[in-house]
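The values are calculated or read from the model by the stated rules, or taken from the named source; none is laboratory data. All values reported here derive from a predicted model rather than from experimental measurement. Note that each Cβ is placed from the backbone with ideal geometry, even for glycine, and that neighbours are counted across all protein chains shown.
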Amino acid sequence: MTKLVSSTGPKETPRNFELHLCPCLKKNPWILNNMLDFVFAVDDSVTWHMMNLLKNKSHYSFLKVFGPKQISNIQSYGAGIYYNTLVPCNGRMIKYGVISTDTLIDDLLHWKTLYVAGRLQKPVKILTQNENGKLQAALVSNLKSAVTAAFLMLPESFSEEDLYMQIAGLSYSGDFRMIIGEDRSKVQNIVKPNVPYFQKLYSNILQDCPQVVYKHHLGRLEIDKSPEGQFTQLMALPRSLQQKITSLVDPPGKNRDVEEILLQVAHDPDCGLVVHQGISGIVRSSSIVQSAKTILTAGAKKSVTYSMKKLYKMTKGWLKKTS
């Protein structure tokens with residue numbers, strides 16, 4: 001595992017996250033058949049790309065000719081992450097993204113794009129992490145926000161698996177790639193083999209949440225769906241999602257404050273639907289820009305290869321469902 005990380009970037013990389021790879025790797029053939037996904041959160045993107053270009057120049061597309069500063073500028077667009085994909089490493093195919101620590105923390109706290117924050121709402125393997133209290137607090141805050149958003153979209157009583165399916169699906173809501181390019185069973189494939197790891201990730205949050213009755217032995221939960229309870233949950237949502245909900249509900253020109261609008265939404269029978277629309281709006285924007293950027297960062301050949309692999313998986317999943 002460590003060799004995979006050191007071979008994809010400079011040893012000085014401050015923080016590394018391995019995404020979509022759960023501790024049940026050997027028991028989960030779905031994961032084994034997929035490309036490993038790494039994310040490096042770095043304090044200085046320009047320096048990181050400069051060092052990585054010296055060590056792994058072949059990982060980059062034609063953009064390498066523009067140098068580390070321009071690569072870092074391109075990284076800042078969309079979700080603020082720069083991906084090198086289809087990189088052969090130790091007999092496996094991997095992809096790795098680079099994101100600045102500040103951008104990562106901002107997304108974890110406020111869900112500006114929900115791109116990396118969404119990935120970190122699922123079980124991941126943190127390979128190395130420097131001491132950073134702000135980052136650690138943001139990681140926990142992101143998990144709490146995911147639970148809160150899921151509560152608003154679920155009925156009064158539901159199973160743990162229902163909760164984890166809702167959480168795992170947050171970052172795919174509104175993603176145009178789920179229409180064409182992704183296996184429709186992707187969320188189910190992530191959750192079902194990994195329920196114990198979702199439990200490990202979220203059990204403390206659920207036990208400490210005053211608005212939920214967590215019947216762990218039965219695998220069921222009950223939440224407060226009163227307007228007062230929903231208002232408390234809406235007020236705890238990340239800032240970008242609150243703003244998106246506000247723009248959906250508040251007619252132009254009224255300029256009411258956020259608290260007043262969220263109180264209205266809390267009393268709306270379609271409260272969960274409004275929250276879902278807000279999340280979809282955030283994800284849709286970031287996924288379109290990030291996908292367009294991938295054509296540049298991966299290059300034409302890799303982009304076509306990667307897209308064909310996605311389409312093959314989508315078709316395979318669809319055929320399995322219909323058989």
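Let's see how each residue does on (1) under 15 Å from Leu154 (Cα atoms); (2) buried (at least 16 other Cβ atoms within 10 Å of the Cβ); (3) at pLDDT 95 or above:
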{"position": "Ser247", "(1), (2), (3)": "no, no, no"}
{"position": "Asp257", "(1), (2), (3)": "no, no, no"}
{"position": "Glu260", "(1), (2), (3)": "no, no, no"}
{"position": "Asp268", "(1), (2), (3)": "yes, no, yes"}
{"position": "Cys271", "(1), (2), (3)": "yes, yes, yes"}
{"position": "Val274", "(1), (2), (3)": "yes, yes, yes"}
{"position": "Arg284", "(1), (2), (3)": "no, no, no"}
{"position": "Gln290", "(1), (2), (3)": "no, yes, no"}
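Can you find a residue in segment 174-181 that is aromatic (Phe, Trp, Tyr) and surrounded by 17 or more Cβ atoms within 10 Å (Cβ to Cβ)? Within segment 174-181 (the criterion being aromatic (Phe, Trp, Tyr) and surrounded by 17 or more Cβ atoms within 10 Å (Cβ to Cβ)), the answer is no, since none of the residues qualifies. Go through segment 65-95 and count every residue that is surrounded by 14 or more Cβ atoms within 10 Å (Cβ to Cβ) and basic (Lys, Arg). Going through segment 65-95 one residue at a time, the tally reaches 1. Scanning segment 74-111 for residues that are at pLDDT 95 or above, charged (D, E, K, R) and touching a Ser or Thr at 6+ places or on another chain (Cβ under 6 Å) yields a total of 1.
Counting residues that are within 15 Å of Ile295 (Cα to Cα), which helices (runs of 4 or more DSSP H) fully inside segment 51-124 reach at least 3? Don't jump to the end; show me each part of the working.
Numbers: elements: 67-75, 101-110, 116-119.
The qualifying helices (runs of 4 or more DSSP H) are 67-75.
Consider Asn34 carefully, then state whether it is in a loop (DSSP other than H, G, I, E, B), surrounded by 14 or more Cβ atoms within 10 Å (Cβ to Cβ) and at pLDDT 50 or above. Criteria met by Asn34. Within segment 112-158, the set of residues being over 21 Å from Leu36 (Cβ atoms), touching a strand residue (DSSP E or B) at 6+ places or on another chain (Cβ under 8 Å) and either among the β-branched types (Val, Ile, Thr) or at pLDDT 95 or above (or both) comprises Phe151, Leu154, Glu156, Ser157, Phe158.
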